[in-house]
Amino acid sequence: MAQRRNGIRNRRQADRWKRKFERHRELERQLREAAPDILHSDNFILTKGHIQHGDMTVNQHCINVAKLSVAISDKLHIKCKKRELIRGALLHDYFLYDWHVGDARKPTNLHGFYHPGIALRNASKEYDLTPRERDIIEKHMWPLTLTKIPRCREAWIVTTADKWCSFLETIHYLHGHGKVETKGTRGN
């Protein structure tokens, strides 16, 4: 009898893991389909050389936020522009520097206030952004940036996903692999 229950439990566990794995693969596919240019760009790859929270790189943080944003919109049945949601989430922290190292131009204690504008400026130089993507990038730090209130569903979703991922990364519930040395990040 106990063997039978264990067999059922193991089958259920295997089915649950299989569903999780399939969902993960589906999220990965959606990201690759919506933003191959971003995922393969030199600057986005360079974000692997900067830590965001804990031991999570900026690159992996942005991917986590994009995946969670899609998952939130799907789970809550929020109609939105998925392509813009994904692209805005991937570019929301496109500030391209190590915010842990302060200098006169980028003081670390004010990073939370200034990096959305810097990310928007950097992303605008490389990509033709839609108004929704601009809104996502510029306003994802609300309520810290009180006057920058998200104006579209996609921006609200990314703002929420960013806060949740940041919290989990900061308490080390989501683990990263630390900085990855990429071409151009040596000595940083």
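Where a number appears in this text, it was derived from the coordinates with a stated rule and is not lab data. Since the structure is predicted, the reported quantities are computational estimates derived from the model, not experimental observations. Cβ atoms come from the backbone with ideal geometry, glycine included; neighbour counts cover every protein chain shown.
Would you please give the FRET efficiency between GLU22 and ARG151, computed as 1/(1 + (r/R0)^6) with r the Cβ-Cβ distance and R0 = 41 Å, to the nearest 0.05? In this case the efficiency is close to 0.75.
Counting other Cβ atoms within 10 Å as a rough exposure proxy, the listed residues ILE63, ILE171, ILE137 run ILE171, ILE63, ILE137 from fewest neighbours to most. Output the pairs from LYS48/LYS148; LYS67/LYS163; LYS82/LYS125; LYS18/LYS67 with a Cα-Cα distance over 24 Å in this structure; if there are none, say none. In this structure, LYS48/LYS148 exceed 24 Å between Cα atoms.
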